[in-house]
1. Report yes if residue 95 is free of Cβ contacts under 8 Å to residues at least 60 places away in the same chain and out of contact with any Gly (no Cβ under 9 Å at 6 or more places or on another chain), otherwise no.
2. Please go through the range 118-147 and pick out each residue that is of a type outside the set (S, T, N, Q), open to solvent by less than 10 Å² (accessible area, probe 1.4 Å) and closer than 24 Å to residue 202 by Cβ.
3. Name the pairs: first residue in the range 142-163 and free of Cβ contacts under 8 Å to residues at least 24 places away in the same chain, second residue open to solvent by 70 Å² or more (accessible area, probe 1.4 Å) and among the aromatic types (Phe, Trp, Tyr), Cβ to Cβ under 8 Å, at least 6 apart or on different chains?
4. Looking at the range 46-81, which of its residues are more than 20 Å from residue 8 (Cα to Cα), open to solvent by 10 Å² or more (accessible area, probe 1.4 Å) and of a type outside the set (Ser, Thr, Tyr)?
5. Please name all residue pairs, on different chains or six or more residues apart, with Cβ atoms under 6 Å, provided the first residue is in the range 199-213 and is within 15 Å of residue 33 (Cβ to Cβ) and the second residue is at pLDDT below 95.
6. Can you report the number of residues in the range 154-165 which are surrounded by fewer than 22 Cβ atoms within 10 Å (Cβ to Cβ) and either outside any loop (DSSP other than H, G, I, E, B) or at pLDDT below 95 (or both)?
Amino acid sequence: MGVLPKIAPSMLSSDFANLASEAQRMLDFGADWLHMDIMDGHFVPNLTIGAPVIESLRKHTQAYLDCHLMVTNPLDYVEPLGKAGASGFTFHVEVSKDNWQELVEKIKSKGMKPGVALKPGTPIEEVYPLLEGLNPVEMVLVMTVEPGFGGQKFMLETMDKVRALRKKYPSLDIEVDGGLGPSTIDAAASAGANCIVAGSSVFGAPEPAQVIKLLRKSVEEAQQ
């Protein structure tokens, strides 16, 4: 067995007015992580949630809150999210070329797991320095759609990046996000992804637990 599967329902697809019960529902259905999309309306056009919502949710759950920051200035969010109780802090490489070392250091000092994300158009080579420095990130999130909105179609060509990463870093957590579901999971799992973000395919399913189980099984089989 290689890396462990982590299935992370994307709370962007949940009923935000009932976030605590939606989170619990996903955990009862077998989710490992809860994926929280933090968008600033600037780096991406959409505006979603921030530290106050993470802080409120943390009062209701012990779950791993996997925060993906689609923001122009991630450094501004480290302290508030650390205080709020975020578990993982994934920033975008496109906005962190100059200060990623400081970012990673601060994220770790607040007890969070640092990750780096890249958009579909960004070459995978851009994240290599962040994996090879003295203070590396601990996860890479390969966006399989353009970030900003849920419900988009999975971009198969992004799997080349996942394959390249997995070949170079056998024990790295590699996350994929966008258009993941029963019809696309095998492509992602066989390329080497082990952390699976799924929104509409889980929340829109008649039996979300079955979808989560299927996603996990696909990763497990690919990792054997």
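1. yes
2. Correct list: 118, 139, 140, 141, 142, 143, 145.
3. Sorted first by the residue in the range 142-163, then by its partner, the list stays empty.
4. Matches in the range 46-81: 46, 47, 52, 73, 75, 76, 79, 80.
5. Matching pairs, first to second residue: 199/150.
6. The qualifying residues number 7.
Let's see how each residue does on (1) in contact with a Leu (Cβ under 9 Å, 6 or more places away or on another chain); (2) modelled with pLDDT of 95 or more; (3) closer than 21 Å to residue 143 by Cα:
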{"position": "27", "(1), (2), (3)": "yes, yes, no"}
{"position": "49", "(1), (2), (3)": "yes, yes, yes"}
{"position": "65", "(1), (2), (3)": "yes, yes, yes"}
{"position": "79", "(1), (2), (3)": "no, yes, no"}
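Let's see how each residue does on (1) outside any helix (DSSP H, G or I); (2) in contact with a Pro (Cβ under 7 Å, 6 or more places away or on another chain); (3) closer than 22 Å to residue 189 by Cβ:
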| site | (1), (2), (3) |
| --- | --- |
| 4 | yes, no, yes |
| 8 | yes, no, yes |
| 17 | no, no, no |
| 21 | no, no, no |
| 24 | no, no, no |
| 30 | yes, no, yes |
| 38 | yes, no, no |
| 43 | yes, no, no |
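The values are calculated or read from the model by the stated rules, or taken from the named source; none is laboratory data. Since we're looking at a predicted model, the values are computed, not measured. No Cβ is skipped: glycine too gets one built from the backbone with ideal geometry, and neighbour counts run over all protein chains shown. The accessibility values were calculated without ligands, DNA or RNA, using every heavy atom of the protein model including side chains. Shrake-Rupley method; radii C 1.70, N 1.55, O 1.52, S 1.80 Å.
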